[in-house]
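Undergrad: I am attaching a structure below and will ask some questions about it afterwards.
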Amino acid sequence: MRTVTIPTVDHGDVETACPAWCTGEFHQAGGHRVDITHTSPETELTVPTATGPAVLLRLTLEQRPFTEREPGRDVFVSVELDGDHYACDPGQMDDIARGMAECATTVRSLARRLAILKETGR
């Protein structure tokens, strides 16, 4: 783990251990200590469309070492869905994966229905 120093307006220079997965880009440099956030590179899950790939959701490992608010100081996955960000633990990530699998079943079912309609001309 490397150590980094981040300037803050309320605590001066703050030294913190930077996890190996962190990009080293601190979005709150020069802000408040509580806003310091470690983030991983973003993972985009895409689906093909007629005009090219579309982003279905974005995932980022995140940790806020000085926060007093939820989700706390432990590492979590930030999931961007429908323009909102959700802090998720492993169980919540499993719930999202289950929900995505159920959505895939619905999409496949509708695809089969559409194929039948096109075949029969109805």
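Undergrad: Which of 84, 74, 35 moves most in a GNM of the chain, Cα contacts under 10 Å?
TA: Ranking 84, 74, 35 by mean-square fluctuation puts 84 first.
Undergrad: Taking the chain as a Gaussian network, Cα atoms linked when under 10 Å apart, which of 38, 11, 85 shows the biggest mean-square fluctuation?
TA: Judging by the Gaussian network model, the answer is 11.
Undergrad: Going by amide H atoms built from the backbone, whose H comes under 5 Å of the H on residue 6, apart from near neighbours?
TA: Amide H to amide H, under 5 Å and 5 or more residues apart or across chains, residue 6 pairs with 14, 15, 16.
Undergrad: Okay, moving on. Please name which of 17, 57, 31 has its Cα lying farthest along the dipole of the chain towards the positive end, using unit charges on Cβ (Lys, Arg +1; Asp, Glu -1) and the Cα centre as origin.
TA: 57
Undergrad: Hey, another quick one. Which one, (i) 16.3; (ii) 17.3; (iii) 15.0, gives Kirkwood radius over Cα pairs in Å as derived from the coordinates shown?
TA: Among (i) 16.3; (ii) 17.3; (iii) 15.0, the one derived from this structure is (ii).
Undergrad: Let me ask something else. For the chain, what does the helix formula give at 222 nm: sum of -39500 (n - 2.57) over DSSP H segments with n ≥ 4, over the residue count, nearest 500 deg cm²/dmol?
TA: Using -39500 (n - 2.57) per qualifying helix, the result is -9000 deg cm²/dmol.
Undergrad: On to the next question. Go through segment 3-97 and name the trypsin sites (Lys or Arg not before Pro) that are in a DSSP coil and have 14 or fewer other Cβ atoms within 10 Å of their Cβ. Before the final figure, lay out each step's value.
TA: On the way: sites: 33, 58, 69, 73; in loops: 69, 73.
Sites meeting the loop and neighbour criteria: 69, 73.
Undergrad: For a quick protection proxy, order the peptides 99-106, 114-121 by their average other-Cβ count within 10 Å, most packed first.
TA: The peptides rank, most packed first, as 99-106, 114-121.
Undergrad: If you don't mind, another one. Angle check, please: helix 90-120 long axis (alpha carbons) against the longest principal axis of the chain (alpha carbons), in degrees 0 to 90, nearest 10.
TA: Approximately 20 degrees, to the nearest ten.
Undergrad: Counting Lys and Arg as +1 and Asp and Glu as -1, each charge on the Cβ, what is the dipole of the chain about the Cα centre in debye, to the nearest 20?
TA: 800 debye
Undergrad: Collect residues whose amide H, placed 1.01 Å from N in the peptide plane, falls under 5 Å from the amide H of residue 57; neighbours closer than 5 in sequence don't count.
TA: Distant-sequence amide H within range of residue 57: 45.
Undergrad: Another question, then. GNM, the chain, Cα, under 10 Å: largest mean-square fluctuation among 107, 34, 77?
TA: Its mean-square fluctuation being the largest, the pick is 107.
Computed from the coordinates by the stated procedures, all read-outs in this text should not be read as laboratory data. Owing to the predicted nature of the structure, the values given are computational and were not obtained by experimental measurement. For neighbour counting, all protein chains shown are included, and Cβ atoms are generated from backbone atoms with ideal geometry for every residue, glycine included.
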